[in-house]
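S.K.: Handing you this structure, nothing more for now.
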């Protein structure tokens, strides 16, 4: 099995070296290069083909946000998964990073065990084949399905670095592929997600519930009503996991057929 190729971009030398040392100690991970500035990170991505970029958001010359912007225009043979790392946990910073292309956002100090788990999950997600169905999901007009989900989750205040974010995305994709899964949410949907991410059905259920609770706790339900153009949810009536997944899947189906 090929090793996961990682570039570490972090301007704090002590932290960078400790991250590199820990990652190099993993049998399935190879650190291709390390950068101490945004410009170094961009140069290295042009020279190396990596699977994951660990990106400090506050760096000299060009910060992490600038790197993410420039990456959108780079002719990369393989577009890496990006884990944004920073001491700034503000919601607006998280939303901006994810909107610019970050796949996860981790707050310092970073738990290295959790970081390696996230690296493996992101690569597994990228490589995992989609289930074949009689009616596969076709690309939505305009923005892609991924973009639509990202924008909606951001508007709802569901942070990209929590487990429920990825589980919800996968649940909605699966339900779009196979609507009958909603009828067997505990026997079919949760186990399918758990198998893909190497976890348990109960953890999938709890993580999705937590993500929905985060959205409702932040009072962002109006964003969902605005997306539908009418009142479909209320602040004091939090939907179940199945109701929320069905609601988003129905919205995407309507957009697709419009």
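Every read-out reported here was derived from the displayed coordinates using simple, explicitly stated rules and does not represent laboratory data. Since the model is a prediction, treat every value here as computed from it, not as a measurement. When we count neighbours, we look across all protein chains shown, and the Cβ atoms used for this are built from the backbone with ideal geometry, even at glycine.
S.K.: As a footprinting exposure proxy, order 27, 21 by other Cβ within 10 Å, with the fewest listed first.
M.R.: On the way: 27 7, 21 11.
Starting with the residue having the fewest Cβ neighbours, the order is 27, 21.
S.K.: For a footprinting-style exposure proxy, rank 161, 103, 73 by other Cβ within 10 Å, fewest first.
M.R.: Working: 161 20, 103 23, 73 7.
So the ranking, lowest neighbour count to highest, is 73, 161, 103.
S.K.: Can you put 106, 19, 99 in order, fewest other beta carbons within 10 Å first?
M.R.: Details: 106 18, 19 22, 99 14.
So the ranking, lowest neighbour count to highest, is 99, 106, 19.
S.K.: Now for a separate question. By the gyration tensor of its Cα atoms, with a ≥ b ≥ c the square roots of the eigenvalues, what is the shape of the stretch 4-127: rounded for a/c under 1.5, prolate for a/b over b/c, or oblate?
M.R.: Verdict is rounded for the stretch 4-127.
S.K.: Once fully extended, how much extra length lies between residue 250 and residue 237, figured as 0.36 nm per residue of separation less the alpha-carbon to alpha-carbon distance?
M.R.: Once the chain is fully extended between residue 250 and residue 237, it gains 2.8 nm.
S.K.: How long is the gain from residue 222 to residue 77 if the chain were fully straight, where each residue apart is worth 0.36 nm and the alpha carbon distance is subtracted?
M.R.: Working: separation 145, 0.36 × 145 = 52.20 nm, distance 3.98 nm.
Going from the current span to full extension adds 48.2 nm.
S.K.: Based on the Cβ-Cβ distance of residue 12 and residue 213, what FRET efficiency does E = 1/(1 + (r/R0)^6) give at R0 = 35 Å, to the nearest 0.05? Provide the component values of the computation, followed by the final result.
M.R.: Values: r = 34 Å, r/R0 = 0.96.
The pair residue 12/residue 213 has a calculated efficiency of 0.55.
S.K.: Another one. For residue 112 and residue 39, FRET efficiency with R0 = 35 Å and r from the beta-carbon atoms, rounded to 0.05?
M.R.: Working from the Cβ atoms, E equals 0.85.
S.K.: Which FRET efficiency value, to the nearest 0.05, is calculated for residue 87 and residue 124 with the Förster distance at 41 angstrom and r the Cβ-Cβ distance?
M.R.: 0.90
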